[in-house]
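The values are calculated or read from the model by the stated rules, or taken from the named source; none is laboratory data. Since the model is a prediction, treat every value here as computed from it, not as a measurement. Heads up, the Cβs are rebuilt from the backbone with ideal geometry, glycines too, and the neighbour counts pull from every protein chain shown. In case anyone asks, the SASA skips ligands and DNA or RNA and just uses the protein heavy atoms, side chains included. Shrake-Rupley method; radii C 1.70, N 1.55, O 1.52, S 1.80 Å.
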Amino acid sequence: MESPSYSSIPGGMQVTSSSSRYVLLFPFPTQGHLNPFLDFARNLASRIPYILIKIISTPDNIQKLRPRFLDYPTIDFVELPPFAENAENTENTLQLLITETLFHMFVEVAHSFGSRHVPLYTSGPYAMSIYNSIWTHLPHRLTPADVLTLPDLPPNFTIHRNQLSQNMIKAASSYTQDSPPTFAARQAEFCKNADGSLWNTVGVLEKFWLQHWENSSGRPVWAIGPLLPISSNENERGGKIPEQYSVDQMMELAKVWKEVSKGLFGCLGIRQDLKLATNSVLQLKAVRRELGVFLELARGFDANINSEDVTQTVRLVLESDKGVKMRKKAEDLSQEMKKTLMKNGSSVQSLDNFVKPLWMWGEEDIKRC
């Protein structure tokens, strides 16, 4: 199979040795959020070496990261706090601000400088569509039913009450008519005013939901994933136990991992970070409901998980006909995802499609000046 191709420059654009324009990336400074931005920066720098790319992060992160980007002379790092005074006093022109969606308020900041803003979602549109619907409307406060119909999504799309996080449940119980919008609701509202959205996903997995997001937002979407960690050192990945797991649940999963580490299920090749994955329950719901490559062991924060049930589920994946079909489908999807990063793959083409308006925006800015 071909190696990934992110080196050609689309459209025969001229490369200049210096540039007065730059793109500013502002990720949340933890590994799970930072890594996709760093990989995106490398891919973008290979595509548009005529534009400077600046990445905002903490001094400690910058000290560790800068040596890894020596081969990318157009990428530089900016220490926090960077924005207002730097944006006004720089000799360069901020053409585009790309932020983590947690920094949704920067949509208006970027526009106030005459710049564009595009959020980079480190998850997929399936999970984010559900997330935004729940936090914007809190539908579980309106009914005691276990099955909830979610507004703003395709007709008859439902979720079970016990698939809600603890914070979602608490927000509904404390809601009043005078309650201000939730942080996530404000986040969704701000991002509607962005100039598009970048996604760490691939079309083969979420084609329908990418189209749904584009249609509902009226803004272009670019699926440029999978974005990969910048280091192969798994010790640097970082992470935390997600709120969807209780302490008791984690203790039972730890028992299973202990058996795995002894070799009971060594043929699985399970990595510990898959047991402690920080992906949300909603993202797991996507691979189960939409793709059929995931078995649901238990549902809800209070669900009773024991090591015997986990062992039985693992054996089901390994030994049953259903497990064989799931593993085959997962392998097929894995191969399709790899193809997206090859020459003419969908993610490569999507990155090219993102570069085109980026170039156009730059030309418009020059004419305005």
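Answer yes or no: is there a residue in segment 182-204 that is among the hydrophobic types (A, V, I, L, M, F, W, C), closer than 30 Å to residue 342 by Cβ, touching an Asp or Glu at 6+ places or on another chain (Cβ under 8 Å) and part of a helix (DSSP H, G or I).
yes
Can you tell me how many residues in segment 111-142 are open to solvent by less than 50 Å² (accessible area, probe 1.4 Å) and among the aromatic types (Phe, Trp, Tyr)?
3
So which residues in segment 81-127 are modelled with pLDDT under 80 and in contact with a Ser or Thr (Cβ under 6 Å, 6 or more places away or on another chain), if there are any at all?
Within segment 81-127, 92, 93, 94 qualify.
Where residues in segment 189-220 are open to solvent by less than 20 Å² (accessible area, probe 1.4 Å) and of a type in the set (Gly, Ala, Ser), which of them is farthest from residue 291 (Cα to Cα)?
If we take residues in segment 189-220 being open to solvent by less than 20 Å² (accessible area, probe 1.4 Å) and of a type in the set (Gly, Ala, Ser), then 194 is farthest from residue 291 (Cα to Cα).
Kindly indicate whether residue 44 is open to solvent by less than 10 Å² (accessible area, probe 1.4 Å), in the same structural domain as residue 358 (by the TED database) and over 23 Å from residue 93 (Cα atoms).
no
Out of 145, 223, I need the residue that is in contact with a Ser or Thr (Cβ under 8 Å, 6 or more places away or on another chain) and either buried (at least 20 other Cβ atoms within 10 Å of the Cβ) or not assigned by the TED database to the domain that holds residue 347 (or both). Which one?
223
It is to be established whether one or more residues within segment 306-321 are modelled with pLDDT of 85 or more and either outside any loop (DSSP other than H, G, I, E, B) or surrounded by 12 or more Cβ atoms within 10 Å (Cβ to Cβ) (or both).
Yes: segment 306-321 contains one or more residues that are modelled with pLDDT of 85 or more and either outside any loop (DSSP other than H, G, I, E, B) or surrounded by 12 or more Cβ atoms within 10 Å (Cβ to Cβ) (or both).
State whether one or more residues within segment 228-236 are open to solvent by 80 Å² or more (accessible area, probe 1.4 Å), in contact (Cβ under 8 Å) with a residue 40 or more places away in the chain and more than 25 Å from residue 329 (Cα to Cα).
no
Just to be sure I understand, how many residues within segment 116-149 are touching a residue at least 60 places away in the same chain (Cβ under 8 Å) and outside any helix (DSSP H, G or I)?
9
Looking only at segment 100-114, how many residues end up being touching a strand residue (DSSP E or B) at 6+ places or on another chain (Cβ under 8 Å) and assigned to a helix (DSSP H, G or I)?
7
List the number of the failed condition for residue 180; all other conditions in (1) touching a strand residue (DSSP E or B) at 6+ places or on another chain (Cβ under 7 Å); (2) modelled with pLDDT under 90 hold.
(1)
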